[in-house]
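The values are calculated or read from the model by the stated rules, or taken from the named source; none is laboratory data. Given the structure is predicted, the values throughout are model-derived calculations rather than measurements. Heads up, the Cβs are rebuilt from the backbone with ideal geometry, glycines too, and the neighbour counts pull from every protein chain shown. What goes into the accessible areas is simple: the full protein's heavy atoms, side chains included, and nothing from ligands, DNA or RNA. Shrake-Rupley method; radii C 1.70, N 1.55, O 1.52, S 1.80 Å.
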Amino acid sequence: MPEFDTELLAPDEGGLARAAAIWRAGGLVALPTETVYGLAADARQGRAVARIFASKERPRFNPLIVHLPGAAAARQLAEWPRDAARLADAFWPGPLTLVLPLRPGHGLSPLVTADLPTVALRVPAHDVARAALHAFGGPLAAPSANPSGRISPTTAAHVLAGLGGRIEAVIDGGPCPVGVESTIVSLAGDPALLRPGGVPAEAVEAALGRPLAPPEAAAPDRPGAPGQLASHYAPRAGVRLDATERRPGEVLLGFGAIAGDLTLSASGDLAEAAANLFGHLHALDARGQPIAVAPVPETGLGRAINDRLRRAAAPRP
């Protein structure tokens, strides 16, 4: 794999112009979104998309999310049922990804969709991401900017620690405010929750006026959307869930009344906990000890937090 002197770009006009030039030339630039940092490439260039998989060591059967400046661009790539319009009106720009049937002549690299007949689309809310999309003027395929299966990055420093030397540049937009990846909803049939995330499933159901079908277990070699692999978001050390105290040799990630070496939210605020999740996991993982995690309620954003923690604790392939 080629070695790069990875540039750290400012989130200003000059930095965004440099990022757009790299993307047009088939290169990789990590950019901030409200959820996590994404590793972006021109979604229409097969060689550029292939480099995402190579840089992350990500299996090519795992599809990518395409980031767009608005719903009008999404309608050019995918079929647009009434439910898509409802959810886009309610949550775009924002941390919601819609999986929709591809339109003929969409122009995306088949690597983006892993040769599936559907595509995952999102309109991010982060000001820097939106400015970068407008500067580039095209669709960006952008999974999380970290080695595949490891803890997602919520700062530019996390990106450089994992992918420095493998990619051309990182736009430093500061910490990501939401801190967990987007909610993924499939509209290829009856609306179904594929991954809990930054928009609570209850809010999606309220916008639709009916329940979402629950997530189904993804085939290990054919996930229908990103973030469905059993082992994902994992620290180097092991993770133990639902811990009320640390065992000898462990560090403790606390929540609410259970204080830890680091605590997601002492007040039990799930939005604060989500924003802190990956940053605290990075910090505890640097200590080189197993990580015990206090219980987090399985409601609202807690569903996304627990989804990430269960995958982090799953047996490693």
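Restricting attention to the alpha-carbon atoms of segment 1-47, what are Rg (one decimal) and Dmax (integer), both in Å?
Over segment 1-47's Cα set, Rg and Dmax evaluate to 11.1, 30 Å.
Return the long-range amide H neighbours of Ala213 (sequence gap of 5 or more, or a different chain), with a cut-off of under 5 Å between placed amide H atoms.
Under 5 Å from the amide H of Ala213 lie the amide H atoms of Ala192, Leu193, each far enough along the sequence or on another chain.
Can you give the helix-only mean residue ellipticity at 222 nm for the chain, where every DSSP H stretch with n ≥ 4 adds -39500 (n - 2.57) and the sum goes over all residues, rounded to the nearest 500 deg cm²/dmol?
When only DSSP H runs of four or more count, the value is -9000 deg cm²/dmol.
Counting pairs of Cα atoms in segment 60-101, how many percent are more than 11 Å apart?
Looking at segment 60-101, the distances longer than 11 Å represent 67 percent of pairs.
Given a 1.4 Å probe, how much area per residue of the chain is accessible, in Å²?
39 Å²
How would you order 277-288, 200-211 from highest to lowest mean count of nearby Cβ atoms within 10 Å?
277-288, 200-211
What would the Debye formula give as log10 I(q)/I(0) at q = 0.16 Å⁻¹ for the alpha-carbon point model of the chain, no solvent?
Listed by q, the Debye log ratios stand at -1.36.
Kirkwood Rh, segment 115-203, all Cα pairs: how many Å?
By the Kirkwood definition, the hydrodynamic radius is 15.1 Å.
Write down the Å³ per residue value for the convex hull defined by the alpha carbon atoms of segment 43-154.
Dividing the Cα hull volume of segment 43-154 by its residue count gives 103 Å³.
Using a 1.4 Å probe on the protein heavy atoms, what percent of the accessible area of the chain belongs to carbon and sulfur?
The C+S portion of the solvent-accessible surface of the chain is 53 percent.
Report, in cubic angstrom per residue, the convex hull volume of the C-alpha atoms of segment 254-309.
67 Å³
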